[in-house]
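One structure is given here, and the rest of the page talks about it.
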Amino acid sequence: MVTKSDVFNLLKSCNIKHNDIVTIHCSLKSIGDIENGADGLIDAFCEYLSDGLFIVPTHTWDNVSKDNPFYNVKTTIPCIGVLAKVAAFRSDAKRSLHPTHSVAVFGKGAAEFIKGEEKSATPAPVGGCLNRLYEENGKIFLVGVGHERNTYLHAVDERLNISNRLNPDTFVITIKDENGNLLQSPPFHTHYSKGLPCCCSEFYPNYKEAFDYFQAVTYSKLGNATVTCCYARKITDVVKLLWERTDHDLCASNEKIPTEYYMD
């Protein structure tokens, strides 16, 4: 059974400091038995990050849409797994008002970190919670999942202004905050890649070899799960380099990125 000590050891092995900002994408099933389940995992991360922030994505992109343009921070259920569904409604969490890509943030500065998310016009705008991981030197833990679940890479797309990533057709979303106030989002652009058979995130694993080459990620284990620790600044810089050297979309199919793009 995975215990709090195991989580602490994982974070220490990845050189995570107690004041770091860490986000996670996690398949609980991949880990195996966890002491006190999802809540126990959240408690362990929060205790270790005593002077930092722990961020759990509580995305609702599959529940909030043009056909259902409404997000209630207190009741809209995340669409991305058990950990998100637990984190979203914990009393010690501050859940952001981003209508499709909300996050639950734990820690002393949580309220300030999520401020202004209701003004987002895209899933991961520069200045928003996800994109701020770059400025804050944040870390992204992928536990039992790959880069296809690494939402931060959408933030990288927006930071670098990668083409064919946002839907040109917009709609306005009504947002209900924790006090019951109704707010209106700006005209909102969802994720969309014209001509692709699926979301471009399914092809984010194409970056893996380049990330490995530049040591922008490290690998560990938690229970039965492989853990990838991604350093936000490093993986952003790697993606920037690759796009500066390409003449085609690097995440439009399962295509190996040429080694000459990143090996000098």
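The values are calculated or read from the model by the stated rules, or taken from the named source; none is laboratory data. On a predicted model such as this, the values are computed, not experimentally measured, just so you know. Positions of Cβ are backbone-derived with ideal geometry, glycine not excepted, and every protein chain shown enters the neighbour counts. With ligands, DNA and RNA removed, areas are computed over all heavy atoms of the protein, side chains included. Shrake-Rupley method; radii C 1.70, N 1.55, O 1.52, S 1.80 Å.
Summary of values
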item: Carbon plus sulfur fraction of accessible area for segment 125-264, probe 1.4 Å, in percent; result: 48 percent
item: Centroid-to-centroid separation of segment 1-47 and segment 104-164 [C-alpha atoms, Å]; result: 20 Å
item: Spin-label model distance (nm) - S30 vs T226, 7 Å beyond Cα toward Cβ; result: 0.8 nm
item: Cα gyration tensor shape of segment 181-240, rounded if a/c is under 1.5, else prolate or oblate by comparing a/b with b/c; result: prolate
item: Helical contribution to [θ] at 222 nm, DSSP H n ≥ 4, -39,500 (n - 2.57), averaged over the chain, rounded to 500; result: -7000 deg cm²/dmol
item: Hits among aspartates and glutamates - C-alpha to C-alpha of K85 under 19 Å, sequence gap 8 or more where chains match; result: D33, E35, D39, D43, D62, D177, E178
item: Out-of-range pairs (alpha-carbon distance over 28 Å; input K108/K176; K115/K208; K115/K234; K66/K176; K17/K176; K17/K74); result: K115/K208; K17/K176; K17/K74
item: Student exercise, segment 90-247 dipole from Lys, Arg, Asp, Glu Cβ charges, in Debye to nearest 20; result: 300 debye
item: Cα gyration tensor shape for segment 213-264, rounded if a/c is under 1.5, else prolate or oblate; result: prolate
item: Average accessible surface area per residue within segment 176-264, 1.4 Å rolling probe, Å²; result: 54 Å²
item: Contour excess over end-to-end distance, with Cα ends at K256 and D67 and 0.36 nm allotted per residue; result: 64.4 nm
item: Computed over segment 1-68: relative contact order in percent, which uses C-alpha pairs under 8 Å that are six or more apart; result: 44 percent
item: At most 14 other Cβ within 10 Å, DSSP loop - GluC sites (Glu not before Pro), segment 146-209; result: E178
item: Sequence of K234, K256 when ordered by accessible area, the most exposed leading, probe 1.4 angstrom; result: K256, K234
item: Percentage relative contact order, the chain, counting C-alpha pairs under 8 Å, at least six apart; result: 20 percent
item: Shape of segment 153-264, Cα gyration tensor, a/c cut at 1.5; result: oblate
item: Options L222, F54, N36, ranked by Cα towards positive dipole end of the chain, top entry (Cβ charges); result: N36
item: Distant-in-sequence amide H partners of I24 (H built 1.01 Å from N, under 5 Å); result: I55, F141
item: Within a Gaussian network of the chain (alpha carbon springs, distance under 10 Å), most fluctuating of Y192, Y152, Y231; result: Y192
item: Heavy-atom accessible area order for K208, K221, K194, largest first, 1.4 Å probe; result: K194, K221, K208
item: Cα convex hull volume per residue for the chain (Å³); result: 120 Å³
item: Options A93, G81, V103, ranked by Cα towards positive dipole end of segment 58-154, top entry (Cβ charges); result: A93
item: Virtual spin-label span in nm between N161 and A111, 7 Å along Cα→Cβ; result: 3.7 nm
item: Set of segment 82-108 residues, backbone N closer than 13 Å to the point 7 Å along the Cα-Cβ line of D177; result: 95-98
item: Extreme residue, positive dipole direction of segment 137-178, given options V145, N167, A155 (C-beta unit charges); result: V145
item: Per residue accessible area of segment 1-141, 1.4 Å probe, in Å²; result: 43 Å²
item: For the chain, size of Cβ-based charge dipole, Lys and Arg +1, Asp and Glu -1, in debye; result: 340 debye
item: Normalised contact order of segment 76-142, rounded percent, pairs of Cα under 8 Å and 6 or more residues apart; result: 20 percent
